[in-house]
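Undergrad: Sending over a structure as structure tokens; questions will come in a sec.
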Amino acid sequence: MDRETERNLVSWYVYTGGSLPEKYGLSTGYIPVYAVALKPNLWGSSPIRHQGEGVLFMLVGAREKTHSGNAIFPETLRTEFHGIRSVIEAYARSAALQDIEGPHAIGMLLAKGHKAQIDLRVTSPGRTVKYRIDRWD
């Protein structure tokens, strides 16, 4: 949650039904992961658990190029803003993401309670091990 005393300026979103790697300038197959992080709603001293638990596997070279709107979602608003939800939804649809060429954190989401299939290949000196993550219980 973004607060004056504890800033979190990151917004996140997923596409219903997923999306293809080409949408992000990626090819199929294994893509290097540069970071694994909790979903942004879990960052900071007061995580917002009702928005779900999960981790993001952030992919090297992935770029958002076609997103419409500006990634403000009424579902993530504080309670006092629910009365102006329709205004925020209209603005979010008409505005565009700023600095689309800037840094991105795009990848695969593993969310608690949802089925998944994430195949990982972990390489260390002299050894490569494959893992398949199919759920988070």
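Undergrad: Lys/Arg Cβ at +1, Asp/Glu Cβ at -1, dipole of the chain taken about the Cα centre: which of ALA62, GLN117, ALA105 is farthest positive-ward?
TA: Checked the options; the winner is GLN117.
Undergrad: Which value in Å does the Kirkwood hydrodynamic radius of region 73-134 take, with 1/r averaged over all unlike C-alpha pairs and then inverted?
TA: 16.1
Undergrad: What's the magnitude of the charge dipole for the chain around its Cα centre, counting Lys and Arg as +1 and Asp and Glu as -1 at the beta-carbon? Answer in Debye, nearest 20.
TA: The calculated dipole for the chain is roughly 480 debye.
Undergrad: For Cα pairs less than 8 Å apart in space and 6+ apart in sequence, what is the mean separation divided by the residue count of region 1-70, i.e. the relative contact order in percent?
TA: This gives 36 percent for region 1-70.
Undergrad: So if each residue of separation counts as 0.36 nm, and I subtract the Cα-Cα distance between GLU53 and PHE81, what length gain in nm does that give?
TA: 7.8 nm
Undergrad: Run lengths n ≥ 4 of DSSP H only: what is the helix-derived mean residue ellipticity at 222 nm for the chain, with -39500 (n - 2.57) per run over all residues, to the nearest 500?
TA: Result for the chain: -2000 deg cm²/dmol, rounded to the nearest 500.
Undergrad: Set the Förster distance to 35 Å, then compute FRET efficiency between THR28 and ARG93 from the Cβ-Cβ distance, nearest 0.05.
TA: Plugging the Cβ-Cβ distance into 1/(1 + (r/R0)^6) gives 0.65.
Undergrad: By per-residue mean of other Cβ atoms within 10 Å, what is the highest-first order of 129-137, 38-46?
TA: Per-residue mean Cβ counts within 10 Å order the peptides as 38-46, 129-137.
Undergrad: Test of understanding: what is the full-extension gain from PHE73 to ARG7, defined as 0.36 nm times their sequence separation minus their Cα-Cα distance?
TA: That works out to 22.0 nm of additional length.
Undergrad: Go through ALA37, THR79, SER27 and say which Cα lies farthest out towards the positive end of the charge dipole of the chain; charges sit on Cβ, +1 for Lys and Arg, -1 for Asp and Glu.
TA: Looking along the dipole axis, the top candidate is SER27.
Undergrad: In addition: Can you tell me how region 38-77 classifies by the Cα gyration tensor, rounded, prolate or oblate, using a/c under 1.5 as the rounded cut?
TA: oblate
Undergrad: Using only the alpha carbon atoms of region 1-66, find the Kirkwood hydrodynamic radius as the inverse mean reciprocal pair distance, in angstroms to one decimal.
TA: Every distinct Cα pair counted, the radius reaches 13.8 Å.
Undergrad: Right, something else. Using the Kirkwood formula over every pair of different C-alpha atoms, what hydrodynamic radius in Å results for the chain?
TA: Across the chain, the inverse of the average 1/r is 17.0 Å.
Undergrad: Let me ask something additional. Multiply the residue separation of THR128 and LEU20 by 0.36 nm, subtract the distance between their alpha-carbon atoms, and state the gained length in nm to one decimal.
TA: Here the segment from THR128 to LEU20 would lengthen by 36.3 nm.
Undergrad: When a footprinting reagent is the concern and you count Cβ atoms within 10 Å, what order do ARG121, ARG7 take, fewest first?
TA: With the fewest neighbours first, ARG121, ARG7 line up as ARG7, ARG121.
Laboratory data are not the source of any read-out in this text; all were calculated from the coordinates shown. From a predicted model like this one, the values you see are computed outputs, not experimental measurements. Ideal geometry is used to build each Cβ from the backbone, glycine not excepted, and the neighbour counts take in all protein chains shown.
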